[in-house]
Amino acid sequence: MNKKSENKNKNDWGAKTNIEKVLEILDEKKSEKQQKEIDGIINSIANEPDEES
Amino acid sequence: MNQTKNHKILIDSCILIYCGSDKYSERVRGFLHLLDNNKNKLAISEICGFEVLKNCLNKENIDYYLKLINYLDNIKIGRYALMNAAFLHGLYKKDTSNSDREEGAKKEKMAGDLIIGGTAIYDGALLLTANIDDFPMPYWKIFAHDHIVYKDGPKFKVLNVYLLEFDKELAEQKNPNQLYYKPAASEES
């Protein structure tokens, strides 16, 4: 594959990320029902966290 | 992690999921804010949307994660990212060493993690993850590390968060006959 076609396939990195909106969303509080589902998802995907003594 | 500047950073699906949990969201928010302030370019792979939303049944959670996904740059999964994912699959399987992390490398990896890894390699990006076993050593090196301490009932627990970098030289040494696509040196940031 030549350089020209490599460049054509490159992504325009991070250009569409709106970090202010992302941070705003992270501040949103979830209902108990929402939180319960999210905790369930985390338990199914996560490595067991380390316990701190 | 605060020394990490001017990099492309691909956010793993697990980090996106952790964003939704009140236990972790404040600290994850801190990491993302810091990385953005340090002029890093943050994005997710297109497959993150699938990986996150497939687990959600609650409409409010679907709306929550959709907003998050849509405000992040979604990096396209091209054929080269998929070729790299196939390469990683072969590389992990081929490994026969026996340290704990490398033991993890021999386990069958989920396609999503392979594709996220393949995308990071193609785009020359670091990977932000809390699930280090999904991106096994020695191929993925720890570039930076931080942790979140939280209370879980009476106990304090620690969630480790990593920025990982793919070791291209090692991958080529270990598997010289298998080609994979990587950006030309001049295109890497």
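Results for (1) of a type in the set (Asp, Glu); (2) buried (at least 17 other Cβ atoms within 10 Å of the Cβ), shown as yes or no for each residue.
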residue	(1), (2)
B:LYS41	no, yes
B:ILE47	no, yes
B:LYS59	no, no
B:ASP63	yes, no
B:LEU66	no, no
B:ASP73	yes, yes
B:ALA81	no, yes
Check your understanding: Looking at (1) within 26 Å of B:LEU16 (Cα to Cα); (2) more than 8 Å from every other protein chain (Cβ to nearest Cβ); (3) modelled with pLDDT under 85, which is the one condition that is false for B:GLN173?
Key -> (1)
Review point. Scanning for something in contact with a Ser or Thr (Cβ under 6 Å, 6 or more places away or on another chain) and not polar (S, T, N, Q), does the range B:24-41 turn up at least one residue?
Key: no
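Out of B:ALA144, B:ALA130, report the one residue that is within 21 Å of B:ASN74 (Cβ to Cβ) and at pLDDT 80 or above.
Numbers: B:ALA144 fails: within 21 Å of B:ASN74 (Cβ to Cβ).
Of B:ALA144, B:ALA130, the one residue that is within 21 Å of B:ASN74 (Cβ to Cβ) and at pLDDT 80 or above is B:ALA130.
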Review point. Within the range B:103-111, is there a residue that is at pLDDT 90 or above, surrounded by 22 or more Cβ atoms within 10 Å (Cβ to Cβ) and in a helix (DSSP H, G or I)?
Key: no
**Study point:** Filter result (within 25 Å of B:TYR92 (Cα to Cα) and buried (at least 17 other Cβ atoms within 10 Å of the Cβ)) within the range B:140-164
**Key:** B:TRP140, B:PHE143, B:ALA144, B:LEU159, B:VAL161, B:TYR162, B:LEU163, B:LEU164
Exercise for review: From B:LEU32, B:LEU10, grab the single residue that is surrounded by 22 or more Cβ atoms within 10 Å (Cβ to Cβ) and under 18 Å from B:GLY124 (Cβ atoms).
Suggested key: B:LEU10
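The values are calculated or read from the model by the stated rules, or taken from the named source; none is laboratory data. Given the structure is predicted, the values throughout are model-derived calculations rather than measurements. Cβ coordinates were reconstructed from backbone atoms using ideal geometry, including for glycine residues, and neighbour counts include every protein chain displayed.
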